[in-house]
1. Lysine pairs in the chain 8 or more apart or on different chains: how many have alpha carbons under 19 angstrom apart?
2. On a 0 to 90 degree scale, rounded to 10, what angle separates helix 75-96 from the longest Cα axis of the chain?
3. In deg cm²/dmol and to the nearest 500, what is the mean residue ellipticity at 222 nm of the chain if only DSSP H runs of at least 4 residues count, each as -39500 (n - 2.57), divided by the residue total?
4. Once fully extended, how much extra length lies between ASP77 and VAL27, figured as 0.36 nm per residue of separation less the alpha-carbon to alpha-carbon distance?
5. Suppose the chain between ALA69 and GLU20 were pulled fully straight at 0.36 nm per residue; how much longer would it get relative to their current alpha carbon spacing?
6. Suppose R0 equals 41 Å. What FRET efficiency, 1/(1 + (r/R0)^6) with r the Cβ-Cβ distance, do ASP9 and GLU103 give to the nearest 0.05?
7. Quick check: net charge around ALA59, other residues with Cβ under 12 Å of its Cβ, Lys/Arg +1 and Asp/Glu -1?
8. What is the gain in length, in nm to one decimal, between GLU53 and ASP95 on full extension, counting 0.36 nm per residue of separation less the C-alpha to C-alpha distance?
Amino acid sequence: MRSALRLSDDAVFYCYRALESLRQEFVDESDPRNSREKASWDRLRTALSVDAEEAKKLAALATPRRHGANPHIAYDDRLAWLKWTRELVAKYIEDYLPTLKPEADGAFSVDR
């Protein structure tokens, strides 16, 4: 997200990279190797209420930049994708990252 915010030409590329990174958090190594990626996308979409069509639109916008092209993307469109991605990252943080709880001895324990 930091790179998406800093590099306007690459904003949608980094938004999609953030989405791909979130998807990695939903990989289950016990899934068959040939269906692991699809299964993790399915889990991500379910867990974070990601609209598959929106994710496909973002992927389509990011693909040219991933391959060296630099298509113009309007400011309002970049801003919309930044907000969309930020909401997904925030939802992941809120719902899926463990919370650290301070203990009496000054240590921290993880609360899920």
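Readers should treat all values here as calculations from the given coordinates under stated rules, not as data from a laboratory. Predicted model, so just to flag it, every value in this text is computed and none were measured. Here the Cβ positions follow ideal geometry from the backbone for every residue, glycine too, while neighbour counts run over all protein chains shown.
1. Working: LYS38/LYS56; LYS38/LYS57; LYS56/LYS83; LYS57/LYS83; LYS83/LYS91.
Close lysine pairs under the 19 Å cut-off: 5.
2. Long axis of 75-96 versus the principal axis of the chain: about 20 degrees.
3. So the calculated ellipticity at 222 nm is -20000 deg cm²/dmol.
4. Extra length from ASP77 to VAL27 when fully extended: 15.0 nm.
5. 15.7 nm
6. Result of the calculation: an efficiency of 0.35.
7. Values: positive: ARG17, ARG23, LYS56, LYS57, ARG65, ARG66; negative: GLU20, GLU53, GLU54.
Around ALA59, the surrounding residues sum to +3.
8. Numbers: separation 42, 0.36 × 42 = 15.12 nm, distance 2.27 nm.
Residue separation times 0.36 nm, minus the Cα-Cα distance, leaves 12.8 nm.
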